1. Residue check: is residue 383 free of Cβ contacts under 8 Å to residues at least 60 places away in the same chain, in a strand (DSSP E or B) and open to solvent by 60 Å² or more (accessible area, probe 1.4 Å)?
2. Tally the residues that are open to solvent by 40 Å² or more (accessible area, probe 1.4 Å) and either polar (S, T, N, Q) or in a helix (DSSP H, G or I) (or both), restricting the search to segment 116-136.
3. Under the condition of being part of a helix (DSSP H, G or I) and of a type in the set (D, E, K, R), which residue from segment 191-241 is nearest to the ligand (Cβ to nearest atom)?
4. State the number of residues belonging to segment 325-375 that are touching a residue at least 24 places away in the same chain (Cβ under 8 Å) and open to solvent by 40 Å² or more (accessible area, probe 1.4 Å).
5. I'd like to know if segment 213-224 contains one or more residues that are over 21 Å from residue 364 (Cα atoms) and buried (at least 23 other Cβ atoms within 10 Å of the Cβ).
6. Determine, yes or no, whether residue 378 is exposed (fewer than 15 other Cβ atoms within 10 Å of the Cβ) and either more than 16 Å from the ligand (Cβ to nearest atom) or free of Cβ contacts under 8 Å to residues at least 24 places away in the same chain (or both).
Amino acid sequence: MSTLAGKHIVLGLSGGIAAYKSAELCRALVKAGVTVQVVMTEAAEHFMTAVTMQALSGKPVFTSQWDSREPSNMAHIHLSRDADAILVAPASADFMAKLLHGRADELLSLMCLARPIAQVPLILAPAMNREMWANPATQRNVAQLKADGIHVLDVGQGDQACGETGDGRMLEAEEILEDLEAFFTPKVLTGKSVLVTAGPTYEAIDPVRGITNLSSGKMGFAIARAARMAGADVTLIAGPVSLHTPRGVKRVNVRSAHDMLQAVQVHVPDQGVFVATAAVADWRPANSAEQKIKKDSSGQTPQLSFVENPDILATVAQSAAAQTGALFCVGFAAESHDLLAHATAKRIRKGVPLLVGNIGPDTFGQDDNALLLVDASGARELPHGPKQELAVQLMTDIANRLTLHAGSFGVGG
Ligand code: C5P
């Protein structure tokens, strides 16, 4: 379930061609369990009908402060009082200029001005032509709106409806949803850098064949996403998986265990947390053939021999940063049975303060999991649930450990 479930959002539309994305956004918000009250400016109605937005939000749309459905005629007051946030998407250049000056000549700007600023945050998703976006007047306005405590989302980059290409597109609905979720997530990891490994590795036998494993990367990607939502600067080193990069996360793609180790070594300096979720292949073929090994008619099968891969987690855990507590290392263990015993032994063998156990065959490729957090003092269960929710709980747990034991991590016995 999304962390947005149960929230009440007033979705404002000002005039811009990006209003077509607001229909999708409204639908996505409703799907995430949000109740949506749509408010549109007159200009917005030139791009999108109130009928469409009513059908998607399941609520009558407000477009005028003179709306006679409001018994007291105070829609600009009542609409925002129960809201968890007002989200204006698209926020046009003109609408932002208006907000900046506290002007209130139609319902949406009037409602924004009349909102209780301490309780109802205002979030803007700007949308405009690239020249309008780059104009010093717009940039000045954005800077001042931010200084006034208004949360201005980024703009997208690419082809624009006007035929030009550049900055100024409104973010896609799913990106806005991600940013909204991040907005509501407690920032327990602000100022921290988190490095995550995820997915399987692929060890080549020849240019067309290799050995790998069943890891989908979902748990590691969920952890990277949760860490970013919690305010961390996140780098995700991913083996070959076909998953979307979580928004705001730096992703480095690798293939083999060797590549993964190299990428980790490049990125690990200056990190505060290292979470190794990758299912690194234990062995690789001793020799990877440069050309495809051909099947001949002799009936002979190729003779493969293997060498052990470097243990990335154990290598990092032995670094000075990890040993002095500057880097907090977390390992994962995918077991098939005796989770507590195996996870406890693995934590000590890897030399990490926290090891997270899960039952591999139950979770490979699934969206759900159950975790067992094992440290020097014992074990704690995070019961069965969606990987994304477990990732949030794990990040909260790690943040607490960072606060409680800053500078005094020990592997212990
Ligand atoms: O030894 P095992 O593969 O069960 O250990 C699992 C933990 O160690 C995971 O955190 C995994 O990402 C990490 N690991 C690693 N490099 C390896 C093998 C495992 O970082 N070569």
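1. Numbers: free of Cβ contacts under 8 Å to residues at least 60 places away in the same chain: yes; in a strand (DSSP E or B): yes; open to solvent by 60 Å² or more (accessible area, probe 1.4 Å): yes.
In short, yes.
2. The first filter runs over segment 116-136 and keeps only residues open to solvent by 40 Å² or more (accessible area, probe 1.4 Å), leaving 117-119, 130-132, 134-136.
Then keep just the ones that are either polar (S, T, N, Q) or in a helix (DSSP H, G or I) (or both); that gives 119, 130-132, 134-136.
Result for segment 116-136: 7.
3. At the first step, the residues of segment 191-241 found to be part of a helix (DSSP H, G or I) are 218-229.
Those left that are additionally of a type in the set (D, E, K, R): 218, 225, 228.
Numbers: 218: 14, 225: 18, 228: 20 Å.
The selected residue is 218.
4. Filtering segment 325-375 down to residues touching a residue at least 24 places away in the same chain (Cβ under 8 Å) leaves 325-336, 339-340, 343-344, 347-361, 363-367, 369, 372-375.
Still in the list and also open to solvent by 40 Å² or more (accessible area, probe 1.4 Å): 326, 334, 336, 340, 344, 348-350, 359, 361, 364, 366-367.
Matching residues across segment 325-375 total 13.
5. First, the residues of segment 213-224 that are over 21 Å from residue 364 (Cα atoms): none.
Looking through segment 213-224, none of the residues is over 21 Å from residue 364 (Cα atoms) and buried (at least 23 other Cβ atoms within 10 Å of the Cβ).
6. Working: exposed (fewer than 15 other Cβ atoms within 10 Å of the Cβ): yes; either more than 16 Å from the ligand (Cβ to nearest atom) or free of Cβ contacts under 8 Å to residues at least 24 places away in the same chain (or both): yes.
For residue 378, the condition - exposed (fewer than 15 other Cβ atoms within 10 Å of the Cβ) and either more than 16 Å from the ligand (Cβ to nearest atom) or free of Cβ contacts under 8 Å to residues at least 24 places away in the same chain (or both) - is met.
The values are calculated or read from the model by the stated rules, or taken from the named source; none is laboratory data. All values derive from a computational prediction rather than experimental measurement. As a convention, Cβ positions derive from the backbone with ideal geometry for all residues, glycine included, and neighbour counts pool all protein chains shown. Ligands, DNA and RNA are excluded from the accessible area calculation, which covers all protein heavy atoms including side chains. Shrake-Rupley method; radii C 1.70, N 1.55, O 1.52, S 1.80 Å.
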